[in-house]
Structures are given as C-alpha cells and as structure tokens.
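A quick write-up on the structure given underneath.
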Amino acid sequence: MNVVNDMLREVHSQFVADTSGGVADYIPELAAVDPDAFGIVVATADGYVYEVGDTGTEFTIQSVSKPFTYALALADNGEDAVGAKIDVEPSGEPFNEISLDPVTERPRNPMINAGAITSVSLVHGRSHQDKFDRIRDTYSRYAGRELTMNEQVYRSEARTGHRNRAIGHMLRSFDIVDTDPDDVVDLYFRQCSIDVTCRDLGVMAATMANNGVNPITRSRAAAPALVERVLSVMTTCGMYDGAGDWVARVGLPAKSGVGGSILAVLPGQLGIAVYSPRLDQHGNSVRGVLACRELSRRLELHFL
Ligand code: DON
C-alpha cells in the first residue's frame with residue numbers, strides 16, 4: 001500500500017522541522033539520545049508494517065512499559081486481586097507523585113509510577129531474575145523479537161531514582177506491596193530500561209490491536225479480555241495530564257514515555273508508534289503528539 005507510505009512520508013516531513021520541547025535529562029543517561037531522531041510506524045492487525053524515518057534506532061521503553069506489565073500482573077493474579085491493589089481512575093497528578101488515593105489507599109491507576117511499581121510487585125517468578133525474564137520475555141512476544149536491557153540507562157536510573165524508591169517504600173508501608181520494596185523498584189528500573197525501536201513499538205501496538213496475538217509471529221502475548229482492560233486504562237490515564245486533550249484530538253488509547261515514544265492502538269485495526277525525544281510540558285513527545293493527531297485526522301481513526 002504505497003498510499004500509506006506516501007502519507008507517512010508527508011506527516012514526517014510536515015513536523016520534522018519542529019524542534020520545540022526538550023529531551024528528558026532527570027535520568028542523566030536519557031540525555032544521551034539524538035534529539036533529532038524522528039520515526040513513525042503504522043502496523044496493522046493483519047501484520048503489515050509501514051514506516052518512515054528513524055524506526056530502527058534503539059531507545060529505552062520507559063513508561064510505555066507500564067501497560068504491558070499491568071497486563072502480565074492481570075494474567076498472573078486475575079482482575080479482582082489486581083483491582084484490590086490498583087485503581088483505574090485518572091490521577092490528575094504528575095507521573096511520579098508520591099501519593100495514594102486518600103479514600104481507597106491504593107495507587108490511582110497503573111500508568112502512574114505508584115501503580116506501575118505495584119504491577120511489577122504482582123508479577124510472579126521464582127526469583128528476582130526469573131521475574132525480570134518473564135517481563136522481558138512478555139515484551140519480546142509483543143514485539144516479535146528478543147529485547148534486551150540497556151545497562152547504562154538502568155545504572156543511571158538506579159543511581160538517581162530516589163523518588164521511585166520513596167514510592168516503593170510508601171507502597172510497602174501501606175501493604176500494597178508485600179515484598180522487599182527495593183527489589184520491586186529495581187525490577188521497575190530494569191523494565192523501564194528495556195531497549196526497543198519505533199518499529200518494535202508499532203508491532204507491540206498492533207499486537208494489542210489484534211487482541212493480544214502478534215500479527216507477524218502469530219504468538220499470543222496476552223488474553224483478549226486483558227487487552228481490553230489495559231486499553232481502557234490507557235484511554236483514561238495513558239497520557240498523564242495531556243489525557244483530555246489527547247482523547248479529544250486523537251481519540252485512541254495510548255501510552256507515552258519520557259524516552260520520547262508514544263504508542264497508540266485502534267482496536268481490531270492497527271497500532272501506531274512515534275519516536276521523537278523532545279518532550280512537551282506534560283512529558284509527552286512533541287512531534288509524537290503532532291504526528292498522532294495528524295494520522296488520526298487523515299485516517300479518521302478517532303473512535304472514542
Ligand atoms: O519512573 C521513571 O522515572 C521512568 N523510568 C519512567 C518514566 C516515564 O517514562 C514517565 N513517563 N512519561
């Protein structure tokens with residue numbers, strides 16, 4: 001379908017000159033990326049991948065990992081047990097807020113760090129290494145290739161991640177996390193440091209669009225009911241404080257990460273991934289938001 005490739009090229013050239021925003025540097029190693037990198041991928045639920053720009057450059061998945069680990073926690077524990085620990089309400093707070101819902105005393109949703117760290121604590125495994133391997137293997141199944149962890153980013157994040165440790169210990173003190181919080185937060189740092197490409201994220205999004213089955217390898221990464229729940233939470237909570245504007249102007253469940261990527265899903269149809277590391281005031285990729293708005297407009301994807 002050359003028409004899709006042509007359209008991707010047009011959208012890419014429409015925004016490539018926009019250098020507004022800034023690269024995340026609160027984790028020192030995150031600032032080492034090429035700020036000008038810009039890739040766009042559309043991958044369909046029947047396995048076609050269309051791409052333009054820097055779609056093979058590796059970067060760390062960061063918060064785009066959160067929906068995938070949440071799905072794994074749901075698969076390991078069931079919806080009721082996970083629901084007893086993590087709510088599904090938008091928070092209206094920054095992603096790294098050290099807070100719980102004052103009424104339920106639970107993290108407000110799995111897309112903020114408190115909820116994401118709780119998801120990690122619910123992943124089953126015989127050992128620390130086994131838990132991380134299960135997380136990495138699961139992401140790899142969505143992506144259709146074996147993903148690896150970026151040691152430099154992991155070490156940089158572990159050295160500077162005091163706020164996430166504070167969140168881990170807060171969760172432990174409220175018995176939301178019932179294992180060693182330092183181990184749980186270490187796993188969270190590791191999952192955020194898994195390297196992906198824009199193409200990987202496009203295929204991961206297409207796997208979600210295809211009810212949890214990777215459309216290229218045909219391997220199942222998650223059960224359909226879990227994907228449905230995860231996409232619902234992405235709709236209300238995936239884009240942080242930019243969520244309202246995102247739903248109004250793009251209209252797709254999505255997740256962003258401070259590494260500079262955005263993943264969006266049109267259930268049953270396709271996945272979109274954009275990589276461009278400069279972020280806006282909400283922590284969302286500037287060109288990522290613009291490209292997704294434009295793709296949604298041109299392809300009439302807005303379904304919410
Ligand atoms: O928790 C952190 O600081 C990061 N490793 C993940 C942050 C992230 O991507 C937040 N989202 N936009």
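The values are calculated or read from the model by the stated rules, or taken from the named source; none is laboratory data. Only a predicted model underlies this, so the values are computations on that prediction, with no experimental measurement involved. Note that we place each Cβ from the backbone using ideal geometry, even for glycine, and neighbour counts take in every protein chain shown.
Filtering segment 279-295 for residues that are more than 16 Å from the ligand (Cβ to nearest atom) and within 21 Å of residue 58 (Cα to Cα) leaves a non-empty set. Per the listing 184, 177, 230, the residue uniquely closer than 23 Å to residue 113 by Cα, of a type in the set (A, V, I, L, M), assigned by TED's automatic domain parsing to the domain that holds residue 129 and part of a helix (DSSP H, G or I) is 184. Out of 127, 121, 140, 65, one residue alone is away from the ligand (no atom under 13 Å from the Cβ), touching a residue at least 40 places away in the same chain (Cβ under 8 Å) and among the polar types (S, T, N, Q). It is 121.
Filtered by the rule that a residue be farther than 11 Å from residue 41 by Cα and either among the hydrophobic types (A, V, I, L, M, F, W, C) or part of a helix (DSSP H, G or I) (or both), segment 267-287 gives 279, 286, 287.
Could you tell me how many of the residues in segment 23-48 are touching a His at 6+ places or on another chain (Cβ under 9 Å) and part of a loop (DSSP other than H, G, I, E, B)?
1
For segment 51-58, indicate whether the set of residues that are aliphatic (A, V, I, L, M), away from the ligand (no atom under 12 Å from the Cβ), in the same structural domain as residue 274 (by TED's automatic domain parsing) and over 19 Å from residue 169 (Cα atoms) is non-empty. Spell out how you get there, then give the answer.
Keep residues of segment 51-58 that are aliphatic (A, V, I, L, M), which gives 52.
Keeping just the survivors that are away from the ligand (no atom under 12 Å from the Cβ) gives 52.
Now restrict to residues that are in the same structural domain as residue 274 (by TED's automatic domain parsing): 52.
Filter once more, so that each one left must be over 19 Å from residue 169 (Cα atoms): 52.
Yes, there is a match, as at least one residue in segment 51-58 is aliphatic (A, V, I, L, M), away from the ligand (no atom under 12 Å from the Cβ), in the same structural domain as residue 274 (by TED's automatic domain parsing) and over 19 Å from residue 169 (Cα atoms).
Can residue 195 be described as touching a Leu at 6+ places or on another chain (Cβ under 7 Å) and outside any helix (DSSP H, G or I)? Yes; evaluated as a whole, the condition is true for this residue. In summary, residue 219 fulfils each of the numbered conditions (1) in contact with a Cys (Cβ under 8 Å, 6 or more places away or on another chain); (2) more than 15 Å from the ligand (Cβ to nearest atom); (3) of a type in the set (Gly, Ala, Ser) with the single exception of condition (1). Within segment 179-196, residues that are in contact (Cβ under 8 Å) with a residue 40 or more places away in the chain and farther than 21 Å from residue 59 by Cβ sit with their Cβ atoms under 8 Å from residues that are outside any helix (DSSP H, G or I) and away from the ligand (no atom under 12 Å from the Cβ), at 6+ positions apart or across chains, in these pairs: 184/177.
Taken as a whole, the condition of being under 15 Å from the mean Cα position of the chain (by Cα), part of a loop (DSSP other than H, G, I, E, B) and within 18 Å of residue 69 (Cβ to Cβ) applies to residue 258. Among the candidates 38, 15, the residue that is aromatic (Phe, Trp, Tyr) and surrounded by 22 or more Cβ atoms within 10 Å (Cβ to Cβ) is uniquely 38. In the set (1) hydrophobic (A, V, I, L, M, F, W, C); (2) assigned by TED's automatic domain parsing to the domain that holds residue 255; (3) over 18 Å from residue 269 (Cα atoms); (4) within 20 Å of the chain's Cα centre (by Cα), the condition left unmet by residue 68 is number (2).
Scanning segment 1-22 for residues that are part of a loop (DSSP other than H, G, I, E, B), farther than 13 Å from residue 275 by Cα and at pLDDT 95 or above yields a count of 5.
Results for (1) under 24 Å from residue 40 (Cα atoms); (2) among the basic types (Lys, Arg), shown as yes or no for each residue.
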| position | (1), (2) |
| --- | --- |
| 141 | yes, yes |
| 155 | no, yes |
| 162 | no, no |
| 170 | no, no |
| 205 | yes, no |
| 218 | yes, yes |
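Select, from 265, 247, 258, 227, the only residue that is of a type in the set (A, V, I, L, M) and within 14 Å of the ligand (Cβ to nearest atom).
Numbers: 265 fails: within 14 Å of the ligand (Cβ to nearest atom); 247 fails: within 14 Å of the ligand (Cβ to nearest atom); 227 fails: within 14 Å of the ligand (Cβ to nearest atom).
The conditions single out 258.
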